[in-house]
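*Asks:* Handing you this structure, nothing more for now.
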Amino acid sequence: MEIDRDILLLMLRRMWMIRNFELKVMEVHSAGEFSGAAHPYIGEEAVAVGACAALEDTDYITGNHRSHGHPIAKGGRVDKAMAELYGRVDGYCKGKGGSMHLADYSIGILGESGILGSSVPVAVGAALAAHIRGDKFVSMAFFGDGASNQGALHESMNLASVWNLPVIFLCENNQYAVTTSYAETVAVDHVSDRASAYNMPGMLVDGQDAIAMYEATSAAVKRARAGEGPTLIEGLTYRFEEHSLGLGRVARGAYRDEAEIAEWRKRDPLDILEKTLISQGIATREECDAINAETVEEVEKATEFARNSPFPEPEDLFEDMWANPIPLP
Amino acid sequence: MAQTVFLEAINQAIQEEMRRDESVFILGEDIRRAIYGATADLLSEFGEKRVLDTPLSENGFFGAAIGASLVGMRPVVETLTSFMWVAMDQLISQAAKMRYMFGGQATLPVVFRASMFYGAGSAAHHSDRSYPMFMNMPGIKIIVPSNPADMKGLLKTAIRDDDPTIVFEDGTLFGMRGEVPDNSELPGEELLVPFGEARTVREGTDCTIVAIGGAVNHSIAAADQLAAEGISVEVIDPRTLVPLDKKSILESVEKTGRLVIADPAHKVCSAASEIASIVSEEGFWSLQAPIQKVASEQVHIPYTPSLEKHVYPDAPKIIAAVRRTLES
């Protein structure tokens, strides 16, 4: 598949943006600049970036607790994302959502969900609207291997298939639900094997390879827009860091060993994409490094923006409850 | 003015709103064949894309309705109260919380119509009157109509409202006939009942009964019997519990000095509890007697009629409660 150079470079930029955003989050979180849970996406960047590069701004996504990568991958703003983590008024949700609930309705990011599997029926609903109105947009639900065991996934995939909806079920299989391994919790070898139960195509993709993710998702998007229904894509990937920053350090040895982590770190999605771009003459080493440096700079500015944004005022507590407001009880 | 059956009123409201606005669609189990009656003839008029029969997947299709509402549709979900338990994740974690959690970005004009089939041998799994649980959760508007006209007018308002709404449709009223004005008789030629405005069903001076859903008719019967003894009872129907018209309730209690609350829900943390709490806090000096709650006994709904009939508020229980307020 011939991929436009601009798309390849955009993918590299977004992957570096996520990586550098997450590194900054880990730094400022451990420095105590904000509290609360935050779940780093480091190691998994190629999955969301490759998948979202196949979407338009008018397409919709929903996501989960590991929530910084999806909005950035879809073109969200790092300054508003960072300000949200800092709990400030200029954050995406004016400080009411925090790390696990980023959303940007101006570019189809319908919101991340801290309840796993819960945002998947919502994505099916966006696709249902396209189906009823005859619109051409598609929707994509990100979920993990852990959430693949939720009833919501079964209900959503069955519903999307019987109604032939333009939705892509995108499983980020990072192989651990917090500390519990895939093998302990999933009855099939691959989440994508479950697609046959819903009469839809299932694709198992190397989730460290952004280009492979882009190609697979593009095929699924094409099917969806052509009215051919849903697809289940599994990006096989790995979480390089711990589950969450706010929950205390979990002993790695307790559930995964250092050798396994080291093995997966050799397959860093940024290295893989950069090597491909350089070897194919699409970008030089210097160009790749410049993109990295530019995103470092943008994340620094975003962090300053977040630090300088005020906290909400007490009266803001009561804003945003209702579209058609009612008196307080 | 036409005599209309409660179920017909539901049907009229949906039909009128689907004609008026193409973004309104309805989904639920067995609605194309209208097994409960409320969705009769919708399929033939509006077609398969706007009248959707769903699999038995409440969590899935409630979520689908929520997602569709986020991108400009106005879904109406038909379900039973008892099936909402299966979809609580979507109702609470998504419908109720999304707008606030996303800083006002999400707008969810979605209506859940939940039938409450209590009182006719449906037993524990099909008899829930669960609105108090949802009153406890911010983010959902709650309607409990007590007659055909309010049913129609409130449902139409709910479909046009931009927030998630649950309409608790009292199954004991499905066959009730009542006057529903023809559209041609109305200003604007349609029946719209605003949220947050209680209806004074009957005026009186000795005691106020605030009655919810099916308890309104029992309260009217109680008031009739008490009137024969010279006791004058005022009956107030809040019609919507979120928002709640506490002003009308407090004004009535200020006039009568006594309050009975008749609520088909379980008595602990019921709508009656909340109303009693409001009047205790804000209307205490109007009271001449302790507030009386007449709500369902704190047991599950037994199947056998010999037991079930003792669970809910009825006219004799309401009369006894009014008498207790007058003894003080």
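Quick note: the coordinates plus some simple rules give every number you see, no bench work behind them. Only a predicted model underlies this, so the values are computations on that prediction, with no experimental measurement involved. Note that we place each Cβ from the backbone using ideal geometry, even for glycine, and neighbour counts take in every protein chain shown.
*Asks:* Put a dot 7 Å past each Cα toward the Cβ at A:Glu286 and A:Glu184; how far apart are the dots in nm?
*Replies:* For the pair A:Glu184/A:Glu286, the computed spacing is 5.1 nm.
*Asks:* Please name whichever of A:Tyr238, A:Ala53, A:Val122 sits farthest to the positive end of the charge dipole of chain A, dipole taken about the Cα centre and charges placed at Cβ: Lys and Arg +1, Asp and Glu -1.
*Replies:* Towards the positive end, the residue furthest out is A:Val122.
*Asks:* Using 0.36 nm per residue, how much length does the chain from A:Asp57 to A:Ala197 gain when fully extended, once their Cα-Cα distance is taken away?
*Replies:* In short, 47.3 nm is gained.
*Asks:* Which three semi-axes in whole Å describe the equivalent ellipsoid of chain B, each the square root of 5 times a Cα gyration tensor eigenvalue, listed largest first?
*Replies:* Semi-axes from the Cα gyration tensor: 33, 21, 20 Å.
*Asks:* P(r) for the range A:5-310, please, calculated from all Cα pair distances in 20 Å bins and given in %.
*Replies:* Bin by bin from 0 Å, the calculated values are 36, 59, 5.
*Asks:* Now a separate question. Round to the nearest 0.05 the FRET efficiency obtained for A:Tyr255 and A:Glu313 when R0 = 56 Å and r is the Cβ-Cβ distance.
*Replies:* So the FRET efficiency works out to roughly 0.80.
*Asks:* Determine the dipole magnitude for chain A: charges of +1 sit on the beta-carbon of Lys and Arg, -1 on that of Asp and Glu, nothing else is charged, the reference point is the Cα centre, and the result goes in debye to the nearest 20.
*Replies:* Dipole of chain A, to the nearest 20 debye: 540 debye.
*Asks:* For the range B:269-328 and the range A:185-249, what is the separation of their C-alpha centers, rounded to whole Å?
*Replies:* If you average the Cα positions of each part, the centres end up 55 Å apart.
*Asks:* Here's another thing I want to ask about it. Could you compute Rg(Cα) / (2.2 N^0.38 Å) for the range B:199-327, with N its residue count?
*Replies:* Rg over 2.2 N^0.38 Å, computed on Cα atoms: 0.98.
*Asks:* Quick one: putting +1 on the C-beta of Lys and Arg, -1 on the C-beta of Asp and Glu, what dipole do you get for the range B:199-327 around its Cα centre, in Debye to the nearest 20?
*Replies:* 140
*Asks:* So who's got an amide H within less than 5 Å of the one on B:Leu241, skipping anything under 5 residues away but keeping other chains? H placed 1.01 Å off N, in plane.
*Replies:* Amide H neighbours of B:Leu241: B:Ile142, B:Ile143, B:Val144.
*Asks:* Counting only DSSP beta bridges with both residues in the protein assembly as shown, what percent are antiparallel, rounded to the nearest 5?
*Replies:* Taking every DSSP beta bridge with both residues in the protein assembly as shown, the antiparallel ones total about 15 percent.
*Asks:* Roughly how big is the range B:1-159's charge dipole about its Cα centre, with Cβ charges of +1 (Lys, Arg) and -1 (Asp, Glu), in debye to the nearest 20?
*Replies:* Here the range B:1-159 has a charge dipole of around 400 debye.
*Asks:* Could you tell me what fraction of 2.2 N^0.38 Å the Cα radius of gyration of the range B:1-127 comes to, as a two-decimal ratio?
*Replies:* Rg over 2.2 N^0.38 Å, computed on Cα atoms: 1.09.
*Asks:* A:Glu294 to A:Asp135: FRET efficiency via 1/(1 + (r/R0)^6), r the Cβ-Cβ distance, R0 35 Å, to the nearest 0.05?
*Replies:* Step by step, r from the Cβ atoms, then E = 0.50.
*Asks:* Which residue, chosen from B:His266, B:Leu244, B:Val210, occupies the Cα position most advanced towards the positive end of the dipole of the range B:199-327, where the dipole is computed from +1 (Lys, Arg) and -1 (Asp, Glu) charges on Cβ about the Cα centre?
*Replies:* Comparing the listed Cα positions along the dipole, B:His266 ranks first.
*Asks:* In the structure shown, do any of B:Lys246/B:Lys317; A:Lys24/B:Lys97; A:Lys74/B:Lys97; A:Lys24/A:Lys80; B:Lys97/B:Lys156; A:Lys136/A:Lys222 have a Cα-Cα gap over 21 Å, and if so which?
*Replies:* Result: B:Lys246/B:Lys317; A:Lys24/B:Lys97; A:Lys74/B:Lys97; B:Lys97/B:Lys156 exceed 21 Å.
*Asks:* To the nearest 0.05, what FRET efficiency results for B:Arg19 and A:Ala262 with a Förster distance of 60 Å applied to their C-beta separation?
*Replies:* 0.40
*Asks:* If you don't mind, another one. So how tilted is helix B:6-20 from the main axis of chain B? Cα-based, degrees 0 to 90, rounded to 10.
*Replies:* 40
*Asks:* What ³J(HN,Hα) values, in whole Hz, does the Karplus curve 6.51 cos²θ - 1.76 cosθ + 1.60 give for the range A:105-113 when θ = phi - 60°, with x put for Gly and Pro?
*Replies:* Once rounded to whole Hz, the list reads 5, 6, 10, x, 8, 6, x, 8, 10.
*Asks:* Sorted from largest to smallest, which semi-axis lengths in Å does the alpha carbon gyration tensor of the range A:124-194 give for its equivalent ellipsoid, taking the root of 5 times each eigenvalue?
*Replies:* Whole-Å semi-axes of the equivalent ellipsoid: 27, 11, 9.
*Asks:* Please report, largest first and rounded to whole Å, the three semi-axes of the ellipsoid equivalent to the protein assembly as shown, where each semi-axis is the square root of five times an eigenvalue of the C-alpha gyration tensor.
*Replies:* Semi-axes from the Cα gyration tensor: 52, 26, 21 Å.
*Asks:* Using helices alone, I'd like the mean residue ellipticity at 222 nm for chain B: each DSSP H run of four-plus residues gives -39500 (n - 2.57), total over residue count, nearest 500.
*Replies:* Computed mean residue ellipticity for chain B: -9500 deg cm²/dmol.
*Asks:* With each label point set 7 Å from Cα along the Cα-Cβ vector, what nm distance links A:Met321 and A:Glu304?
*Replies:* Inter-label distance under the simple model: 3.9 nm.
*Asks:* Also, quick follow-up: Which helices, counted as full DSSP H runs in chain A, have an axial Cα extent of no less than 18 Å and a Kyte-Doolittle average of 0.0 or above?
*Replies:* A:5-30, A:120-133, A:210-225
*Asks:* Kindly provide the pair-distance distribution of the range A:62-168 built from C-alpha pairs, with 10 Å bins from 0 and whole-percent values in order of increasing distance.
*Replies:* Calculated over all Cα pairs of the range A:62-168, the distribution is 16, 43, 30, 10, 0 percent.
*Asks:* Here is a follow-up. With axes computed from alpha carbons, what is the tilt in degrees of helix B:315-327 against the longest principal axis of chain B, rounded to the nearest 10 within 0 to 90?
*Replies:* That helix lies at roughly 40 degrees to the long axis.
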